[in-house]
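Visitor: Take this structure first; my questions come after.
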Amino acid sequence: MLDDLVEVDFPLPAMEVVTYLCKGCGLCIEHCPQKVIAFTDKFNDMGYKYAAYSGEGCTGCGVCFYCCPEPGAIVVYKKAKEKKGE
């Protein structure tokens, strides 16, 4: 499990589809409990219509990440837990 913290300039939690890795299978769209992922009208370099996050409503649950068959195609961003005593 990664322990690296990444600073981002958008509201958290959020998710991101790495467009060039997305094969357009739609599993993330189908399984997202918040229904905040949809196909775009654009095609990636491999000719697939890819999924994209709507920009709001993600809970950071990670269902999209775990159901995606393409390693690394989905990144979920969550707020870092504060360590006790800090």
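None of the figures in this text is laboratory data; all of them are computed from the coordinates on show. All figures in this text were calculated on a predicted structure; none of them were measured in a lab. As a convention, Cβ positions derive from the backbone with ideal geometry for all residues, glycine included, and neighbour counts pool all protein chains shown.
Visitor: Provide the per-residue ³J(HN,Hα) series for region 45-53, in order, calculated from phi with Karplus coefficients 6.51, -1.76, 1.60 and θ = phi - 60°, each as a whole number of Hz, with x at glycine and proline positions.
Guide: 5, 8, x, 9, 6, 10, 7, 8, 7
Visitor: If neighbour count is taken as other Cβ atoms inside 10 Å, put Leu12, Leu27 in order from fewest to most.
Guide: Numbers: Leu12 12, Leu27 18.
Arranged by neighbour count, lowest to highest, Leu12, Leu27 become Leu12, Leu27.
Visitor: Less than 14 Å Cβ to Cβ from Tyr48, Lys/Arg counted +1 and Asp/Glu -1: what total charge do the surrounding residues give?
Guide: Counting the neighbours of Tyr48, the net charge comes to 0.
Visitor: In nm, to one decimal, how far is the Asp41 label point from the Lys81 one, both placed 7 Å along Cα→Cβ?
Guide: Placing both labels 7 Å along Cα→Cβ, they lie 4.3 nm apart.
Visitor: Using only alpha carbon pairs under 8 Å that are at least six residues apart, calculate the relative contact order of region 19-77 and give it in whole percent. Write down the numbers at each step before the final one.
Guide: On the way: 90 pairs, mean separation 22.5, N = 59.
Relative contact order, region 19-77: 38 percent.
Visitor: To the nearest µm²/s, what D does Stokes-Einstein give for region 19-77 at 25 °C and 0.890 mPa s, using the Kirkwood radius over alpha carbon pairs as Rh?
Guide: So the translational diffusion coefficient is about 214 µm²/s.
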